[in-house]
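Novice: Sending over a structure as C-alpha cells; questions will come in a sec.
What follows is calculated from the coordinates using simple rules that are stated; it is not laboratory data. The structure displayed is predicted, hence computed values, not measured ones. Every residue, glycine as well, gets a Cβ built from its backbone with ideal geometry; the counts of neighbours run over all protein chains shown.
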Amino acid sequence: MTLTCYRYTGPQSAATLRVGDTGELDVQLLPGKPVELPASHDYTLVLLTLKHLTPLPPYTKPAAVPHKPEKV
C-alpha cells in the first residue's frame, strides 16, 4: 500500500480505512495538518471531491550539511 501526503482542511475527524484484504489504517484528520492516505481509496477520493484535501509535494530528506571542524 502506497500512501500519499495531503494537507487536511475539513473538520476534526478520525477514520479506520480497510486496505487490502485484511489490513486497516487508522487516521486522525486534524485541520491544517498533513495526513497520509492511500490515493486510490474511496474515502480519499470523497475527501478530495469535498476539497478537504490538498496534495502535498513528496517529502525529500534535506541534504546533509558538511561538518566543519572547529579551529583550536
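Novice: Size of the dipole of the chain about the Cα centre, Lys and Arg at +1 and Asp and Glu at -1 on the beta carbon, nothing else charged, in debye to 20?
Specialist: Values: 7 positive and 6 negative charges, 99 e Å.
Here the chain has a charge dipole of around 480 debye.
Novice: When the Karplus curve 6.51 cos²θ - 1.76 cosθ + 1.60 is applied with θ = phi - 60°, which whole-Hz ³J(HN,Hα) does each residue of the stretch 20-30 get, with x for Gly and Pro?
Specialist: Once θ is set to phi - 60°, the couplings for the stretch 20-30 become x, 7, 10, x, 9, 10, 8, 10, 9, 10, 10 Hz.
Novice: While we're looking at this one, here's another question. Could you tell me what fraction of 2.2 N^0.38 Å the Cα radius of gyration of the chain comes to, as a two-decimal ratio? Walk me through the intermediate numbers first.
Specialist: Numbers: Rg = 17.5 Å, N = 72, 2.2 N^0.38 = 11.2 Å.
Taking the Cα Rg and dividing by 2.2 N^0.38 Å, one obtains 1.56.
Novice: A follow-up question, please. What number, rounded to the nearest 500 deg cm²/dmol, is the helix-based mean residue ellipticity at 222 nm of the chain, given -39500 (n - 2.57) per DSSP H run of at least four residues and division by all its residues? Kindly include the intermediate steps, with their values, before the conclusion.
Specialist: On the way: 1 runs with 8 residues, N = 72.
Result for the chain, helices only: -3000 deg cm²/dmol.
Novice: Among 46, 12, 22, whose Cα projects farthest towards the positive end of the dipole of the chain, with charges put on the beta-carbon of Lys, Arg (+1) and Asp, Glu (-1)?
Specialist: Comparing the listed Cα positions along the dipole, 12 ranks first.
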